[in-house]
Amino acid sequence: MTRKRPSPPVRAKRRSTSTRSRAAEARTRPAETRNNNEDLSGDELTALVVRGCLIARDSVFNVRDFLADGSRLAFLAIKDCEKELDQIERKIDEQLPEAITRVTEAKARELLACLKFITDLERIGDLSYNSVIQLQSRREKLPPADSRQLVEMASLLYEMLEQIHQGFLKRDVSHAQMVLKSDPEVDRLCHSLFQRHLAEPNIPSGQQNFDVLLAAQALERIGDHAKNLAEELYSLAEGRSLRHNARKLSSA
């Protein structure tokens, strides 16, 4: 099943190009650097993470489409993305232990970052699928207020994952800063949705909307994983971890 990707006419959609072609670009290196088997192995693992970034981003794009119009194609695409991310994580888990023993210290740090990246990316795939599973069998349409908030959350997450992708390619912390600034807004939307539902009278239809809350919670957790990835970008670009320095991260 081919993942549903953004179509050219819409600005946000133009950025979603073929995952496979982007991964091929990431694997392209000057001939002299590819003569060494160590570098080739490391480059392949890094390219898998680039591919994983694109797949996770595509998955959230399709979540947004599913929330907007209940697209069956979007649902199948999300399921496909989840399977692909599982396969990439498995491949990196299998190949990294041997690869990391045959590279320089700097490359070893990059490969360790790849391992951390794919762990969060795989969880993003799971959570994207879980978010739509909650709503896939729903007979009623989403209430307009819920639909707007969930779509807005998914749109923010799509942009955050695009920044993660660009930041990983360029080793540029400015992209990580944008992700860290967007995460509180995802949290705010989720908490607002919960507060609105919990404030409603206890009527039978309220129980049917429990799936909406589970979907919102899954999206909020995707934001948490995107934040983890942004923090890891700092470590990859600057060579030191800022994950436990909350003050510096919040002011980035």
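The values are calculated or read from the model by the stated rules, or taken from the named source; none is laboratory data. The model shown is predicted, which means the values in this text are computed figures rather than measured ones. Heads up, the Cβs are rebuilt from the backbone with ideal geometry, glycines too, and the neighbour counts pull from every protein chain shown. Quick note on the areas: whole protein, heavy atoms, side chains included, nothing else; ligands and nucleic acids left out. Shrake-Rupley method; radii C 1.70, N 1.55, O 1.52, S 1.80 Å.
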field: Farthest toward positive dipole pole in the range 132-223 [+1 Lys/Arg, -1 Asp/Glu at C-beta], among M160, Q195, S137
entry: S137
- prompt: So, in nm, how far is label D93 from label S192 when the simple model puts each one 7 Å beyond its Cα toward the Cβ?
  reply: 3.8
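Sorted by packing (mean other beta-carbon atoms within 10 Å per residue), highest first, where do 80-87, 189-196 land? Each step should come with its number before you reach the end.
Values: 80-87: 19.2, 189-196: 16.0.
By packing density, highest mean first, the sequence is 80-87, 189-196.
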Estimated vicinal HN-Hα couplings, Hz - the range 170-181 in sequence order (Karplus 6.51, -1.76, 1.60; Gly, Pro = x): 9, 6, 10, 6, 4, 5, 5, 4, 5, 5, 5, 6
Theoretical FRET efficiency, 1/(1+(r/R0)^6), r = Cβ-Cβ of E200 and E105, R0 41 Å, to 0.05: 0.15
task: Compute the Kirkwood hydrodynamic radius of the range 60-202, taking the inverse of the mean of 1/r over all pairs of distinct Cα atoms, and give it in Å to one decimal.
output: 17.2
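Would you mind putting 149-159, 223-233, 94-104, 63-73 in packing order, based on average other-beta-carbon counts within 10 Å, highest first? Intermediate values should be presented prior to the final figure.
Values: 149-159: 22.3, 223-233: 23.9, 94-104: 14.2, 63-73: 19.3.
In descending order of packing, they fall as 223-233, 149-159, 63-73, 94-104.
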message: Using protein chains only and a probe of 1.4 angstrom, how many square angstrom of S235 are accessible, to the nearest 10?
response: 30
